[in-house]
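Here's the structure, in structure tokens; my notes come after.
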Amino acid sequence: DGWLWVREYERAKDAPAFPIHLGGPVGLDTLQVLHRVPERISGGVEVAAGIHVGGELADVARYVLEDPEHAQRHVRLALGYSGWAGGQLEAELALSSWLPAPPDPELVFGGEGPDVWRKVVRSLGRSAEGLAEQPPDPQWN
């Protein structure tokens with residue numbers, strides 16, 4: 001249970017502040033872990049070169065508590081995830097509803113929010129030309 005982990009972590013004496021992001025609208029009681037330190041967090045699965053998902057929560061907590069600055073550059077935590085019905089994502093990709101980008105650990109773990117989004121969009125070249133200059137929140141338009 002993601003919220004349980006968060007509550008326990010917050011109760012730890014002298015626990016450093018550590019960002020926990022909103023991962024999506026599904027399963028907001030689950031903690032999702034992305035990391036690039038399989039030597040520190042066991043049990044994860046490498047989903048792309050240098051990007052692991054999941055792992056032992058005790059390892060995550062120990063790592064964050066022992067070396068919070070290093071952990072912030074190597075771990076992303078999120079409550080919830082996004083999900084699709086069977087075939088839905090494939091259909092959306094076929095309609096160009098998404099701009100898929102190659103996984104890049106430096107972008108996944110190397111920054112926050114709008115700056116990372118702009119770097120990823122710019123890496124797509126002409127297919128996404130002009131999108132990087134749009135406001136990060138469409139409601140700002």
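The values are calculated or read from the model by the stated rules, or taken from the named source; none is laboratory data. Quick caveat: nothing in here was measured; it's all calculated off a predicted structure. All Cβ positions, even for glycine, are placed from backbone atoms using ideal geometry, and neighbour counts span all protein chains on display. Keep in mind that these areas ignore ligands, DNA and RNA; they rest on the heavy atoms of the full protein, side chains included. Shrake-Rupley method; radii C 1.70, N 1.55, O 1.52, S 1.80 Å.
Calculated on C-alpha atoms, the gyration radius of region 38-104 divided by its Kirkwood radius gives an Rg/Rh of 1.08. Sorting the segments 24-33, 71-80 by their mean number of nearby beta carbons within 10 angstrom, highest to lowest, gives 71-80, 24-33. Distance between the 7 Å Cα→Cβ label points at Ser96 and Val45: 3.2 nm. Loop sites here are chymotrypsin sites (Phe, Trp or Tyr not before Pro) outside DSSP states H, G, I, E and B with no more than 15 other Cβ atoms within 10 Å. The longest part of the chain free of them is 1-83.
Roughly speaking, to the nearest percent, how much of the chain's 1.4 Å accessible area is carbon and sulfur? Answer for the chain: carbon and sulfur cover 55 percent of the accessible area. Under a Gaussian network description of the chain, with springs only between Cα atoms under 10 Å, the residue in Glu46, Glu66, Glu92 that fluctuates furthest is Glu92. Calculated translational diffusion coefficient of the chain (10 °C, 1.306 mPa s; Stokes-Einstein with Kirkwood radius over alpha-carbon pairs) equals 94 µm²/s. Angle of helix 113-123 to the longest C-alpha principal axis of the chain, folded into 0 to 90 degrees and rounded to 10: 50°. Gain on full extension, evaluated as 0.36 nm per residue between Ala85 and Glu56 minus their Cα-Cα distance, stands at 7.7 nm.
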